Amino acid sequence: MTICKGLSRVSETIWEIRPSYKKGMRVPARIYATDKLVRQLDDGVIDQITNVATLPGILYRAFCMPDGHWGYGFPIGGVAAMDPDEGVISPGGIGFDINCGMRLVLTNLTYEEVKPRLRELVDKLFARIPAGVGSSGSVTISQDDFRDLVEKGSRWCIKRGYGCEEDLLTTEEEGCMRGADASKISHRSVERGLSQIGSLGSGNHYLEIQVAKPENIFNRQIAEAFGITIPNQIAVMFHCGSRGFGHQVATDYLQIFLKAMTAKYHMNVTDRELACAPFRSPEGQDYFSAMKCAINMSFANRQVILHRIREVFSDVFHKDPATLGLKQLYDVAHNTAKIEKHCVEGRWRQLLVHRKGATRAFGPDMEGIPDIYQKAGQPVIVGGSMETGSYLLSGVASGAQSFYSTAHGSGRAMSRTQAKKHFRGRELQQQMEARGIYVRTASYTALAEEAGAAYKSLDDVVEAAEKAGLSARVAKLLPIGNVKG
Amino acid sequence: MPFRYLDDRAIADVAFEAWGATMEELFISAADATVSVMISDLSMVRPREQRHFKLEDSSADMLLFNFLQELIFYKDAEKLLLRAKELKIWQQGDHYAVLANAYGERIDASRHELLVDVKAVTLHRFSLTSGPGGWKAELILDV
């Protein structure tokens, strides 16, 4: 069965494009999708994932996850592993919002206990965690402190009382990428990010109060290992990144790479957003160190937000956070490039894995995931639309096929302009409240852009990921309260 | 408005085309298109503060890229929404340069209906062209 030119079916949820499809492709491109999702693929995805397959040093395959859609440079949902010695690093394979990611926090409260206090809870979260265009966070620090923070990540926050050591154990990389070097970031990037620690941002960034209903638990054993043990247990999920700091780091190096790529390294790419430099070059290593600073800023941003969540719950329920069971389940990134050890065609080797809008999903017994989750596999947090719910997944052994990567969200099905024509923010807010979801937003127009119908079905995305063997469903979490950026 | 948003590409982000009789007019249109992604009504931006800057680049399109990035920088670093007004663009040897005056005010959620934040200007399908009718640019903003 062929849906569009060049796309051949490998299995029920795996599609492949051979290197003969486009001049310069070094490896095949593989797309994960059900029949329904493959029919929803936009034109940009095929073009972009086959462009990724042309990058110097790419190994095995270029991958596009089931929520893939048209991005810039890489498609959103793109995964590419490079030979660190022969290959390149590309800021366009990570995205401007470096270490944009998801954090999931559990409570020991039930829906019945939270429902009477829901409005107060959401209103206070909305007040304490700034969201929207150019929003500033609540942490005021000097530029020197900021440079220290971006080298230390969440650890910087814990030292200053924003959370506890235990939070680090349930954060990817324990909240601090080693090798971050603040001498590789620009003054402008510091100026852009300085005031934004502890803020959500806007667009599809949000904070949500969710409920884990018993009928939405798909794997009880793993759910319990992850801490979901009570019927109708309340959780808080949020999605945000490295704010203006990360955006500026990516912008700075995009320009450096554009110049060095042709003049110094004599490389050409099909899309300037794929600007790259050899990973081992001075430019490649400088970007890698600066990108790690942005990864750390993002971990710190989410750590401060976690602290604010604890403060608000404590304030509303008049109990300390420990008594309320406010415990981080996991924090996972979906816009990164990292050195990881993988087995490619029978040989273990170090690879530089780019994931842009794709989540790392390590299987059971793998290094790099917390001891408490060794048997279950790495928790994977996949954010859905604010109307339809999100998923908690687990990494599986068969994820080796995609360098242990899976989906990160549902993927847009409708442009922002189309969504604004179809939906009105205030009406949507009222309709959602009638359905038991209380929303506060920094912008009613932005709210309309994030309507559930503007997104693909997350059920379809996680089903495709599971059938393909990338990850397994653990629980679906339904929204009851939302703070929208 | 001398710009329009393009719906048929990069659906998660915002694509637009902007135009002008001169390169200066085009830069001003593209700046307004960028700021209009973040607030609903440009006329609500009062010229209370002024920023003056000069930028140079080896190509005209990268000059536009940097010019728009400058406005995004001020939005985060100083919380300023700026509209470019007086511009002068010239070629200097093998470089292009722009001298700009931009006017605006701090973001005020009580006065400005805020929309969605612009993270960056992307270079995916970024183009700057000139023809008998003047100058035109097409680009995608990451939001």
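The values are calculated or read from the model by the stated rules, or taken from the named source; none is laboratory data. From a predicted model like this one, the values you see are computed outputs, not experimental measurements. All Cβ positions, even for glycine, are placed from backbone atoms using ideal geometry, and neighbour counts span all protein chains on display.
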- Considering only residues of region B:48-92 that are touching a Leu at 6+ places or on another chain (Cβ under 6 Å) and surrounded by fewer than 16 Cβ atoms within 10 Å (Cβ to Cβ), which is farthest from A:Ala442 (Cα to Cα)? B:Lys88
- Task: Go through region B:113-143 and give me each residue that's of a type in the set (S, T, N, Q) and within 14 Å of B:Ala15 (Cα to Cα).
- Result: B:Thr122, B:Ser127
- Query: Can you tell which of A:Gly44, A:Gly71, A:Gly78 is assigned to a strand (DSSP E or B), modelled with pLDDT under 95 and within 14 Å of chain B (Cβ to nearest Cβ)?
  - Reply: A:Gly71
- Hey, does region A:299-314 have a residue that's more than 18 Å from A:Gly161 (Cα to Cα) and surrounded by fewer than 22 Cβ atoms within 10 Å (Cβ to Cβ)? no
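Rundown of residues vs (1) surrounded by 24 or more Cβ atoms within 10 Å (Cβ to Cβ); (2) at the interface with another protein chain (Cβ under 9 Å from one of its Cβ atoms), yes/no style:
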residue: A:Arg192; (1), (2): yes, yes
residue: A:Leu207; (1), (2): yes, no
residue: A:Arg220; (1), (2): no, no
residue: A:Ile230; (1), (2): no, no
residue: A:Ile234; (1), (2): yes, no
- Filtered residue count, region A:227-249, keeping only those that are in a loop (DSSP other than H, G, I, E, B) and out of contact with any Ser or Thr (no Cβ under 8 Å at 6 or more places or on another chain): 3
- Message: Could you go through region B:68-76 and let me know if any residue there is under 16 Å from B:Glu17 (Cβ atoms) and either part of a loop (DSSP other than H, G, I, E, B) or within 13 Å of chain A (Cβ to nearest Cβ) (or both).
- Response: yes
- Message: I need a count of the residues in region B:86-104 that are within 14 Å of chain A (Cβ to nearest Cβ) and either out of contact with any strand residue (DSSP E or B) (no Cβ under 6 Å at 6 or more places or on another chain) or aliphatic (A, V, I, L, M) (or both).
- Response: 1
- Would you check if there is a residue in region A:131-138 being under 30 Å from A:Glu367 (Cα atoms) and either within 14 Å of another protein chain (Cβ to nearest Cβ) or of a type outside the set (Ser, Thr, Tyr) (or both)? no
- Task: Would you tally the residues in region A:98-144 being exposed (fewer than 15 other Cβ atoms within 10 Å of the Cβ) and closer than 22 Å to A:Met297 by Cβ?
- Result: 4
- Task: Scan (1) within 13 Å of another protein chain (Cβ to nearest Cβ); (2) surrounded by fewer than 20 Cβ atoms within 10 Å (Cβ to Cβ) for the single condition B:Val45 breaks and write down its number.
- Result: (2)
- Message: I need the helices (runs of 4 or more DSSP H) fully contained in region A:401-472, keeping only those with at least 3 residues that are surrounded by 23 or more Cβ atoms within 10 Å (Cβ to Cβ).
- Response: A:444-449, A:458-468
- Query: Does region A:273-290 contain at least one residue that is within 14 Å of chain B (Cβ to nearest Cβ), surrounded by 18 or more Cβ atoms within 10 Å (Cβ to Cβ), touching a residue at least 40 places away in the same chain (Cβ under 8 Å) and assigned to a helix (DSSP H, G or I)?
  - Reply: yes
- Grab the helices (runs of 4 or more DSSP H) fully contained in region A:121-213, keeping just those with 2 or more residues being touching a Cys at 6+ places or on another chain (Cβ under 9 Å) and within 30 Å of A:Ser410 (Cβ to Cβ). A:165-169
- Sort through A:Gly201, A:Gly179, A:Gly153 and tell me the only one that's in contact with a Lys or Arg (Cβ under 7 Å, 6 or more places away or on another chain), buried (at least 24 other Cβ atoms within 10 Å of the Cβ) and either within 28 Å of A:Leu478 (Cα to Cα) or more than 14 Å from chain B (Cβ to nearest Cβ) (or both). A:Gly201
